Every structure is written in structure tokens, then in C-alpha cells.
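Data first, discussion second: the structure below is written as C-alpha cells.
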Amino acid sequence: MRGPLPVAVAFLAGLFTMVTFFSPHPEVVRISGDFLSWVSIVSGFTILLGVISIAQNNLAKVRRRQEGWPYAIVLLVALVTMIVSGVFQGTHTGTLYDALFTQIQAPMMTTMFSMLAFFIASAAYRAFRARTLQATLLLVTAILVMLGRIPVGQAIYDRLPEVATWIMAVPNTAVQRGIIIGAALGGAATALRIVLGLERTYMGRG
């Protein structure tokens, strides 16, 4: 549906949600709670659509024998097994779903997250090259923080942990707050564009 109806619904829902921030009326709060419940329901359906999309794409890959199609078979078998075992046996301890999650999925997730350390180290090596003043400050700050977190740094200078703590508590916090404020302003601007009908990518338009 790409007509004016979705734009009108988005406008009214967004406008009413904004009104709830300024009106403590019980009826307004109740209707706002209903809207949030509808959002949860719609989100559940989007997860279902995601599962269907993954299944369709991987089935097509298997039929066409595209590159990596054996992995697509493994994904489809695992997807069906997890869904069936979760629906008929539940997800509590001792079920097939719990065994697959704790013995297969959880170790794979741990492996992927552990690999992030190497990517972070590689990115840090590229970022910490002291080619400019800013890169030099970043390099010096990173060295101070890392040395302040290990016993070697304390052996070099006994107050180095305090320096590292101050860097994380003052300059780092200020930068984080700036990033959060920028992200909040960006989110508010995007929400306002959706409410006003200027942003319509959620309807499949560019």
C-alpha cells in the first residue's frame, strides 16, 4: 500500500504519540499504551516475515546450486529444527531447543564475538598511526588507558590508573554524550520527516 492512507496513519500515530509527552490525561495514556502494544504485535509479524524471507532466499539458492548452497541447506535444517522443537517441546532446560542453543548456537556466537577482538585490533592499528595531531592524541590517550588497566602500567607510574580512570570518566564521557545527543537529534529529525510524510522509505520508496 503506497497511497495517502499509510502517510495519514503515520501522521496521526506520530502526532498522538508526541501529545502523550505533554498530556498526563489518563485516557491519553491508555490509548498510548494501546499503540505501544500494537507496535509489539507488528514487530512480531516483522520477525515472521524475516524468517519467511530467509527461508525463501536460501531455498532459491539451493535450487539454483549457487555458491555456498550446502550452507543454505544447513541453515534451513537448523531453522526448521529450532522452530519445531521450540513449538512442540518448549524452550525450557532439557529440551532439544535448549540443547541446540547451548551446545551449538551459543558457542558460535561466542566465536563470532571473539573474532571481533582481532578486527578491533586491526582497526586500532590503522587508526593509531600518528600522521596528524588528532591521530597522535588518540594514540597517546589509548596507550595511557591501556597501560592504566594493567599491572605493568601501575609499575611504571603508580598514579597511571587514576589518569586512565579520569580519561574514561571526563573526556570520554563528554564525547559519548555528544554522540548520544547527535544520535537523538538525528532520530528526532527522522521521526519528524516520517510524521510529516517527507520520508516514505517504509513504504518501499527510495
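Residues Thr165, Thr132: which one is over 30 Å from Phe11 (Cβ atoms) and either surrounded by 10 or more Cβ atoms within 10 Å (Cβ to Cβ) or within 20 Å of the chain's Cα centre (by Cα) (or both)?
Details: Thr132 fails: either surrounded by 10 or more Cβ atoms within 10 Å (Cβ to Cβ) or within 20 Å of the chain's Cα centre (by Cα) (or both).
From the options Thr165, Thr132, the qualifying one is Thr165.
Collect the residues in segment 17-50 that are within 21 Å of Leu192 (Cα to Cα) and not in a helix (DSSP H, G or I), keeping them in residue-number order.
Phe21, Phe22, Ser23
So for segment 56-77 (the condition being farther than 30 Å from Leu12 by Cβ and in contact (Cβ under 8 Å) with a residue 24 or more places away in the chain), does at least one residue qualify?
Looking for residues that are farther than 30 Å from Leu12 by Cβ and in contact (Cβ under 8 Å) with a residue 24 or more places away in the chain, one finds none in segment 56-77, hence no.
Among all residue pairs at least 6 apart or on different chains, which show Cβ distances below 6 Å where the first residue, located in segment 157-183, is under 17 Å from Leu137 (Cβ atoms) and the second is surrounded by fewer than 13 Cβ atoms within 10 Å (Cβ to Cβ) and modelled with pLDDT under 90?
none
Going by what's in this entry, would Ala106 be described as modelled with pLDDT under 85, of a type in the set (Gly, Ala, Ser), out of contact with any Leu (no Cβ under 8 Å at 6 or more places or on another chain) and in a helix (DSSP H, G or I)?
The answer is no for Ala106.
Check Thr173, Thr190 and return the single one that is part of a helix (DSSP H, G or I), of a type in the set (Ser, Thr, Tyr) and either under 23 Å from Leu15 (Cα atoms) or touching a helix residue (DSSP H, G or I) at 6+ places or on another chain (Cβ under 7 Å) (or both).
Every option except Thr190 fails the conditions.
Against the definition (more than 23 Å from Ile52 (Cα to Cα), surrounded by 12 or more Cβ atoms within 10 Å (Cβ to Cβ) and without any contact (Cβ under 8 Å) to a residue 12 or more places away in the chain), how does Thr95 come out, yes or no?
Yes; evaluated as a whole, the condition is true for this residue.
Out of curiosity, is Trp38 under 25 Å from Arg200 (Cβ atoms) and free of Cβ contacts under 8 Å to residues at least 60 places away in the same chain?
In short, yes.
From the list Ala13, Ala60, which residue is aliphatic (A, V, I, L, M), surrounded by 10 or more Cβ atoms within 10 Å (Cβ to Cβ) and more than 30 Å from Val195 (Cβ to Cβ)?
Ala60
Yes/no per residue for (1) surrounded by 13 or more Cβ atoms within 10 Å (Cβ to Cβ); (2) under 30 Å from Phe21 (Cα atoms):
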| residue | (1), (2) |
| --- | --- |
| Ala142 | yes, no |
| Arg149 | yes, no |
| Gly153 | yes, no |
| Tyr157 | yes, no |
| Ala169 | no, no |
| Val175 | no, yes |
| Ala183 | no, yes |
| Arg193 | yes, yes |
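Return only the number of the condition from (1) closer than 30 Å to Ile194 by Cα; (2) surrounded by fewer than 12 Cβ atoms within 10 Å (Cβ to Cβ); (3) under 26 Å from the mean Cα position of the chain (by Cα) that Ile54 does not satisfy.
(2)
What residue, among those in segment 51-97 that are part of a helix (DSSP H, G or I) and in contact with a Phe, Trp or Tyr (Cβ under 7 Å, 6 or more places away or on another chain), is modelled with the lowest pLDDT?
Checked segment 51-97; the qualifying residue modelled with the lowest pLDDT is Gly86.
The values are calculated or read from the model by the stated rules, or taken from the named source; none is laboratory data. Everything numeric in this text was worked out from a predicted model, so none of it was measured. Backbone-built Cβ (ideal geometry, glycine too); neighbour counts: all protein chains shown.
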